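Notes for the one structure printed next.
The values are calculated or read from the model by the stated rules, or taken from the named source; none is laboratory data. What you are looking at is a predicted structure, and each value in this text was computed from that prediction instead of being measured. Cβ placement follows ideal geometry from the backbone for every residue including glycine, while neighbour counts extend to all protein chains displayed. Remember, those area values only see protein heavy atoms, side chains included, never the ligands or the DNA or RNA. Shrake-Rupley method; radii C 1.70, N 1.55, O 1.52, S 1.80 Å.
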Amino acid sequence: MTARRRPPCSGLWETPTVHVSGDLTTCCLDDHLRNRLGNLAESTLPELWYGDRIHRWRMAQIEGRFDDSGPHCNRCHWQAAGSYPPDRVREYLERTSVPGAAGRARDSQDEDPNST
């Protein structure tokens, strides 16, 4: 049996989490704000959620570089949030117009990580 590759976590696309302080993170499990993107008193949600930092983290997830995808991500069991579907990854790459990114995306993106 071949080990399944880790897919991108849907948390970086689907679960912006705002703490009572106004701090925004990528994950409801990030109690210590390791993936803190900023504070809503200082920036808007769209500025933070569609900004450069999270884009770099999303690209790292897509490319399988989980140590580069936010400090909390390399400590997390991605199945808590679920995987980001391959078709949505392709849509993200097309929408963000990242040159060559589709070719760098992991081969496992064409497989459903939940099917075994």
Problem - Output for region 18-42, where each listed residue is part of a strand (DSSP E or B) and in contact with a helix residue (DSSP H, G or I) (Cβ under 7 Å, 6 or more places away or on another chain) - result: 24, 38
Problem - Among (1) at pLDDT 95 or above; (2) open to solvent by less than 30 Å² (accessible area, probe 1.4 Å) - the single one residue 55 does not satisfy - result: (2)
Problem - Filter result for residue 19 (farther than 21 Å from residue 83 by Cα and either basic (Lys, Arg) or modelled with pLDDT under 95 (or both)) - result: no
Exercise for the section: Answer yes or no: is there a residue in region 65-76 that is touching a strand residue (DSSP E or B) at 6+ places or on another chain (Cβ under 6 Å), surrounded by 21 or more Cβ atoms within 10 Å (Cβ to Cβ) and among the polar types (S, T, N, Q). Expected result: no
Fill in the blank from the handout: Taking first residues from region 65-88 that are on the phi > 0 side of the Ramachandran plot and second residues anywhere that are open to solvent by 90 Å² or more (accessible area, probe 1.4 Å) and modelled with pLDDT under 90, the pairs with Cβ under 9 Å that are 6 or more apart or on different chains are 82/114
Exercise for the section: Note down all Cβ pairs under 9 Å where the first residue falls in region 46-63 and is touching a residue at least 40 places away in the same chain (Cβ under 8 Å), the second is polar (S, T, N, Q) and in a helix (DSSP H, G or I), and they're at least six residues apart or on different chains. Expected result: 55/96; 58/96; 59/96; 62/109
